[in-house]
1. Pull out a ≥ b ≥ c, the square roots of the eigenvalues of the alpha-carbon gyration tensor of the range 257-372, then state rounded if a/c is under 1.5, prolate if not and a/b is larger than b/c, and oblate in the remaining case.
2. Setting aside same-chain residues fewer than 8 positions from Lys217, which aspartates and glutamates have a Cα under 13 Å from its Cα?
3. From the phi of every residue in the range 112-118, what ³J(HN,Hα) in whole Hz does the Karplus formula 6.51 cos²θ - 1.76 cosθ + 1.60 yield, where θ is phi - 60° and glycine or proline is x?
4. Beyond a 23 Å Cα-Cα separation, which of these cross-linked pairs lie in this structure: Lys203/Lys225; Lys225/Lys338; Lys142/Lys291; Lys142/Lys274; Lys229/Lys399; Lys291/Lys367?
5. Mind listing the phi-derived Karplus ³J(HN,Hα) values for the range 140-147, rounded to whole Hz, using 6.51, -1.76 and 1.60 with θ = phi - 60°, and x for any glycine or proline?
6. Please say if the range 100-232 is rounded, prolate or oblate, where rounded means a/c under 1.5 for a ≥ b ≥ c the square roots of the C-alpha gyration tensor eigenvalues, and otherwise the choice is prolate for a/b larger than b/c and oblate otherwise?
7. For a test of the definition: using alpha carbon positions, the gyration tensor, and the 1.5 limit on a/c, classify the range 331-399 as rounded, prolate or oblate.
8. Could you work out the Rg to Rh ratio of the range 76-128, with Rh taken as the Kirkwood radius (inverse of the mean 1/r over all Cα pairs)?
Amino acid sequence: MMLRSTSPNRSSAIFSSTSFRRGSILVLTAAAAVIVDRNLFRVCIQTVPYSIASLVSKPKQTEVIRSQGCSSPTPDQRQLLASRTHDLLHSPLPDEEYYAALLDEIHSGCGQLCTNDTNRRVPLDSADRETYFDYRVVADVKCCELFAHPLLDAPAVRWPPPKKIPEAMKEEFLGFRDDVEVSSYYLQERFSGGEAATSVFTKEEVEELKQQSMEGKLIGNYGGKGTAKLRAYVAKYCNDKHVAVVGSKSPWVEAILLGVGARHVTTIEYGAIKSQHPNVTALTNAEFNEKYLDGSLEPFDAFVSFSSMEHAGLGRYGDSLNPWGDVIMASKMHCALKPGGLAIIGVPTHEDGSDSLRFNADRQYGKARWPLFLTNYRPLPQLQFVGLEYYHQDIVVAKAV
């Protein structure tokens, strides 16, 4: 079930005289002259014959579009989007105005997906409810537009990242809620736009980790409990499948997948990785986007992510700040899955169902963020483990619907 967006298209006014909330000042673009009135907090962009509607033609469908190549946006339209994004990221605006402008442009790329409209919640029958899901969230997603907008997962230009959440973005980082606990845990590890933490996956390393996994000896990056649970899930769902791994500091998840019989693994990571294993392919986010847009991406049967997606959009790894980074990445993977494909995700989770944010280290998920995070998915029953107590990186399996 998908919903047609009822909220105004925030992007439609980008190339006209526009007022922005919180006094944000938008956009320096190669195709426009910008006049800023700091007292009125207004932006006037003159002599531009384009609207966002002409830049990104909207498909007529009100459902997720599983594209094998996108005819829209056209190459010229994408170049305009890229130029506008470049100018915005490199603009000299003061920090608060800069991050407010980024947020407005993020909304122009992700639309209804980047809202917390309670009308998008679909209650689950009691038999379908899972630990963190009393309802699921649906949205009208235009996959080609999501993949085409370079700002949605662009490397940051301003570095290091801010130590506090910019005021212009705070409300949306908290999901428009006042019960999300916020604390500080500041880190900087710049991989986006450069090389990954492990820049080469050698065949020997992957095969050694695979053997350890098959013998039950693999510890992984986060301890034996989490590794054992993850292996049980992928053994159930990933045999003879083409599986994506979202986020990888070392190839331990890839090795687990190969050990349970996955046909091929494609790793998607901020930083560049060279894979020397014949059954593992590595893509940067930018390469993933391009393959989806040009139709050369083989759809996935499932994707796996463990202790990765909770960081998306927080700036820790050199990515641009984006309050919706985790939601956007999950939705991109939804677009790249075969119909009915699976998400197998482990992120920090509160057993009591509460949500929190440790800026800029990670999000910690509960009964509010999990359904929003997995918009357009339906949760499947969690596996029950004997002798393995609750582990803070809890795992959810959900089906793309």
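1. Prolate, since a/c reaches 1.5 and a/b exceeds b/c.
2. By straight Cα distance, Lys217 reaches Glu208.
3. 4, 4, 9, 9, 10, 5, 5
4. Lys203/Lys225; Lys225/Lys338; Lys142/Lys274; Lys291/Lys367
5. With the stated coefficients, the range 140-147 comes to 7, 10, 9, 4, 4, 5, 5, 6 Hz.
6. Here the range 100-232 falls in the oblate category.
7. Since a/c reaches 1.5 but b/c is at least a/b, the shape of the range 331-399 is classed as oblate.
8. Reported Rg/Rh (Cα atoms, Kirkwood Rh): 1.23.
The values are calculated or read from the model by the stated rules, or taken from the named source; none is laboratory data. Source: prediction; values computed, not measured. When the accessible area is computed, the model is the full protein with side chains, heavy atoms only, and any ligands, DNA or RNA have been set aside. Shrake-Rupley method; radii C 1.70, N 1.55, O 1.52, S 1.80 Å.
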